[in-house]
């Protein structure tokens, strides 16, 4: 009987396992996760305290699908020649085809090793235990994760200080006008924001800066990004390029080995990209599963992510390019959309912010414009009287 092994029981790995069954694969599907928790969704970890434990699927769904789930199983070695994976308890799993869905880990910097990070359910629980009304929280990093945590902690009554090394919050993810709207909301809520911060080190209770000063807090969380979990692939000799290098079908440089989700880097419209988002993990897991079964349809899904901060929701579709010009468009009562275009006038990204889901429909329509590579007159795009659906039809 054919055996397909999946390393990583997160959003990507679970979706791949289920897609194999939905596509009619009748062999063994073995899903290994290094955590002891049943597969859970990560987005709620920074948005709710106490952290909401939201299963990716009910546990019985995997059982009923005949998927063998092994938890607390950390893969330590891969032999593509022998087609075998070894785990930290010296057990082995042999495969006919293998999917690496190992995800990413929190980035740590020299001098910051003892600061807390937020990546897993256990991380979230440790942080939540310390965030009580009046607690003093420092967050190193003003990216999307750091600002979500700041909002959640402030709502809970903590005193929050964010240290950002750059001159703008979320600078790699969203255009400055949208970042400014979110920053103003944080300041209104009482968050102290320090930009161009020269933080040289941190522990779980202390921040050190370049001028020699030291400040103490009840809790310090380092939120300076994530790095792809490529150790298993690297030691096996697979090609690495800011992630496990894969082709349009999520095949790695090793025969019968695939990779998808946060851990992989792939070509999208001429650029090598690596995505860290809930929906990308789902989409890529499903696509990789079909490729493992021989479907060689190229992957072309438009990237998309969202963030909830207070009553505001941020959504971005496509790949935002820092420094590129944009076209502004009002959305809803107080919402804002920003479109970026390529040299031919076709949108390459749309970023939106507004209360609740007020910009969701327009971002979705913008996503479809990107997907279909439709050239749009910027003047019409900027005019709210011209419906995006009308532009899509054209």
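The values are calculated or read from the model by the stated rules, or taken from the named source; none is laboratory data. Everything numeric in this text was worked out from a predicted model, so none of it was measured. When we count neighbours, we look across all protein chains shown, and the Cβ atoms used for this are built from the backbone with ideal geometry, even at glycine.
Summary of computed values
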| item | result |
| --- | --- |
| Within the stretch 134-153, tally of residues that are farther than 17 Å from residue 222 by Cβ and either surrounded by 20 or more Cβ atoms within 10 Å (Cβ to Cβ) or modelled with pLDDT under 95 (or both) | 1 |
| Flag for residue 121 being in contact (Cβ under 8 Å) with a residue 24 or more places away in the chain and either buried (at least 20 other Cβ atoms within 10 Å of the Cβ) or within 13 Å of residue 221 (Cα to Cα) (or both) | no |
| Selection count where residues are free of Cβ contacts under 8 Å to residues at least 60 places away in the same chain and within 24 Å of the chain's Cα centre (by Cα), scope the stretch 306-334 | 10 |
| Within the stretch 129-244, strands (runs of 3 or more DSSP E) holding 1 or more residues that are over 30 Å from residue 100 (Cβ atoms) and in contact with a strand residue (DSSP E or B) (Cβ under 7 Å, 6 or more places away or on another chain) | 136-140, 159-163, 192-194, 199-202, 206-209, 214-216, 219-222 |
| Residue check, residue 102 surrounded by 13 or more Cβ atoms within 10 Å (Cβ to Cβ), at pLDDT 95 or above, in contact with a helix residue (DSSP H, G or I) (Cβ under 8 Å, 6 or more places away or on another chain) and not in a strand (DSSP E or B) | yes |
| Matching residues in the stretch 294-309 - criterion: being out of contact with any helix residue (DSSP H, G or I) (no Cβ under 7 Å at 6 or more places or on another chain) and either assigned to a loop (DSSP other than H, G, I, E, B) or within 12 Å of residue 20 (Cβ to Cβ) (or both) | 294, 295, 296, 297, 298, 300 |
| All helices (runs of 4 or more DSSP H) inside the stretch 347-394 with 3 or more residues being buried (at least 17 other Cβ atoms within 10 Å of the Cβ) and at pLDDT 90 or above | 360-372 |
| Which listed residue, of 67, 6, is touching a helix residue (DSSP H, G or I) at 6+ places or on another chain (Cβ under 7 Å) and touching a residue at least 60 places away in the same chain (Cβ under 8 Å) | 6 |
| All positions within the stretch 313-335 that are modelled with pLDDT of 95 or more, closer than 23 Å to residue 151 by Cα and surrounded by fewer than 21 Cβ atoms within 10 Å (Cβ to Cβ) | 313 |
| The stretch 254-283 - residue that is part of a loop (DSSP other than H, G, I, E, B) and touching a helix residue (DSSP H, G or I) at 6+ places or on another chain (Cβ under 9 Å) and, of those, surrounded by the fewest Cβ atoms within 10 Å (Cβ to Cβ) | 256 |
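Yes/no per residue for (1) under 25 Å from the mean Cα position of the chain (by Cα); (2) in contact (Cβ under 8 Å) with a residue 24 or more places away in the chain; (3) not assigned by TED's automatic domain parsing to the domain that holds residue 278:
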| site | (1), (2), (3) |
| --- | --- |
| 146 | yes, yes, yes |
| 155 | yes, yes, yes |
| 169 | yes, yes, yes |
| 174 | yes, yes, yes |
| 189 | no, yes, yes |
| 195 | yes, yes, yes |
| 205 | no, no, yes |
